[in-house]
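A.B. asks: Shown below is the structure under consideration.
The values are calculated or read from the model by the stated rules, or taken from the named source; none is laboratory data. Computed from a predicted structure; not experimentally measured. Every residue, glycine as well, gets a Cβ built from its backbone with ideal geometry; the counts of neighbours run over all protein chains shown.
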């Protein structure tokens, strides 16, 4: 079970300070895939460049294997943020469809219908599958990577005093690089949204002018 799948389930089930948007989640899912591929030794980072390993054995996860197959295997390698935008395009819907298939449910007609942010009692009951239980257990354990990715989406975890630091290791800097790039990409996406809204408001004002 991958970090990306866990993040999708957390986004579905844990209340956030604002609705999680599809584009934001897609970028974060692409970051989660990179972190899992780092852990699987499928790739390394040279500063911010993604360098695939010479041999890339199966991870045991279909979507992760598809992500690995999309890595650029020859120079010039792409950097982390370029990967997030390329791999992240439409990725939330892909993971949502995969989760629905895993749970033997119809794929959602609309991504927005996945999220029920109102009264918890009004939300449809979801099956307590192994995938959902795994994600819940990881969330309740305050897994630092899952918490960081969810936090970037506005999904809050435990108070800071109860959180754990990422485990020390040779991949710590690489993971932090990915997390920082996810944050930068989300900031850039929000700036694009605001710029488009300003342009739309200006356009509407022109048409409303006497």
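A.B. asks: Output yes when any residue across segment 155-163 is part of a helix (DSSP H, G or I), modelled with pLDDT of 80 or more and either surrounded by fewer than 18 Cβ atoms within 10 Å (Cβ to Cβ) or at negative phi (or both), and no when none is.
C.D. replies: No.
A.B. asks: Given the structure, is residue 45 in contact (Cβ under 8 Å) with a residue 60 or more places away in the chain, closer than 24 Å to residue 24 by Cα, more than 18 Å from the chain's Cα centre (by Cα) and surrounded by 18 or more Cβ atoms within 10 Å (Cβ to Cβ)?
C.D. replies: yes
A.B. asks: Going by what's in this entry, would residue 189 be described as closer than 19 Å to residue 19 by Cβ and either modelled with pLDDT of 90 or more or out of contact with any strand residue (DSSP E or B) (no Cβ under 9 Å at 6 or more places or on another chain) (or both)?
C.D. replies: yes
A.B. asks: For segment 11-43, how many residues are touching a strand residue (DSSP E or B) at 6+ places or on another chain (Cβ under 6 Å) and under 20 Å from residue 144 (Cα atoms)?
C.D. replies: The total comes to 3.
A.B. asks: Taking segment 1-36 as the search range and keeping residues that are in contact with a helix residue (DSSP H, G or I) (Cβ under 6 Å, 6 or more places away or on another chain) and free of Cβ contacts under 8 Å to residues at least 60 places away in the same chain, which one is surrounded by the most Cβ atoms within 10 Å (Cβ to Cβ)?
C.D. replies: The residue in question is 33.
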